1. Return only the number of the condition from (1) out of contact with any Phe, Trp or Tyr (no Cβ under 6 Å at 6 or more places or on another chain); (2) in a helix (DSSP H, G or I) that Gly267 does not satisfy.
2. Starting from residues that are assigned to a strand (DSSP E or B) and of a type in the set (A, V, I, L, M, F, W, C), keep the ones in segment 138-156 and report whichever is nearest to Asn195 (Cα to Cα).
3. If we scan segment 184-195, do we find a residue that is of a type in the set (D, E, K, R), more than 24 Å from Gly244 (Cβ to Cβ) and touching a Gly at 6+ places or on another chain (Cβ under 6 Å)?
4. Run down Ile269, Ile235, Ile299 and say which single residue is within 23 Å of the chain's Cα centre (by Cα) and assigned by TED's automatic domain parsing to the domain that holds Ser356.
5. Of the conditions (1) under 16 Å from the mean Cα position of the chain (by Cα); (2) closer than 29 Å to Ile299 by Cβ, Pro203 clears all except one; give me its number.
6. Step by step: first the residues of segment 147-162, then only those that are out of contact with any Leu (no Cβ under 7 Å at 6 or more places or on another chain) and more than 17 Å from Ala255 (Cβ to Cβ), then the one that is surrounded by the fewest Cβ atoms within 10 Å (Cβ to Cβ). Which residue is that?
7. Residue check, Met286 against (1) farther than 29 Å from Arg187 by Cβ; (2) touching a Leu at 6+ places or on another chain (Cβ under 9 Å); (3) part of a helix (DSSP H, G or I); (4) not small (Gly, Ala, Ser), all met but one. Which one?
8. Going through segment 152-202 one residue at a time, which ones are among the small types (Gly, Ala, Ser) and within 17 Å of Val237 (Cβ to Cβ)?
Amino acid sequence: MKKLAKIIYIIIFIVTLLLLINFLIKEKKPSVKTEIITETTAPSSSIKPFSPTKQVIKKDEQGVNIQETKKTAPEPEQTVIAPIYKIEPAYPEQHFFEGEVCKSGAKREAYQSQLQSAIQRLGSRYQHTEYQLSDYITLNLYGVNLEDTFKDKISERILKMHNIYIAMLGHSARQSINFNLVITPNRTEYLSRINYFSSNIKPSLGVYFGGLNLAYVDYQGAENKALKTATHESIHVINSHLLGRTSHALNEGMAELYEDMTITDNGTISLATTNKMIDQETLLLMEFFDNQQWEYLDISQLYYSSWAWIAFMNSNRERVSALIHLLKKEQEDPCSALSAEEMYQSFQSNYSIFESEFYEWQNEKITK
């Protein structure tokens, strides 16, 4: 009996020891914290996983491919994100630029996770092609069966436009810029994509969300139309990165002028003002210079007036010099656009007869 009792005692001791060891192991195991991340995504059942083929193409300064590899795009990392990105436009076709990310040092980090989510929502139908166009320019192009000719043309245009800004602004324009362009295959999908972030922009054919650094373009059933709109939005990307907030007249005028650019056989850019008809008078300078007026005046006339003014400013060297001075002045405070009075004063100081010559230039073009 004593031997049996001793065996039972040993068994009880071993069981107790095992229970104690198991308890201590559980105590040392780190706790797992589940964090709910508020995202602007639709319910998970409606989201297709983003796993398109990704092409990475590097080009030299002449636009010639020097490297091409293929790989699968990685899944975006889950991070804590900024407040939900929702914008209400002041006028129906404007670009969007948020003061919280206007400083170049911010690099739009606050909205990185929402940018990744927007790309993820595109789904596997969209192919992602990444172009390293220069030491400064990276183009991420997302589309559904886009033609290589379109890809080549928009790549060439972006590189040429950035080189023009370098020529105008010098070293300050030698900044890294990531272009994220989504080319939607049809109108319905375009409206669905942009309405996720904003309403009241149905008349638009393209839109650039400055905080996300993401542009959407309606393909419009034709490559030439999509190329024109993609070029327009790309100017907004450049201005956003190099200038910060700008007046609507300057931003839209530059975009309207460059969207009709042509590249000659020798690689130079032509910005001929005859690409659009000068068939009507513009608004008064102080009307379309004033950002607040863009909420109330006719949008088509505002765009036309801004284009005509920028076309005029590019028509000779003296005027280009005055325009460059204005661009550099806009760079001084990237978080604030110049007022109408500040713009007018800038031109008065560098090209005092610009207003009278602008109206004379219009009259000459209209009567021809």
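1. (2)
2. Leu141
3. No, that holds for no residue.
4. It is Ile299.
5. (1)
6. Within segment 147-162, the match that is surrounded by the fewest Cβ atoms within 10 Å (Cβ to Cβ) is Asp148.
7. (2)
8. Within segment 152-202, Ser155, Ser172, Ala173, Ser176 qualify.
The values are calculated or read from the model by the stated rules, or taken from the named source; none is laboratory data. Everything numeric in this text was worked out from a predicted model, so none of it was measured. Using ideal geometry, Cβ is built from the backbone for each residue, glycine included, and neighbour counts are taken over all protein chains shown.
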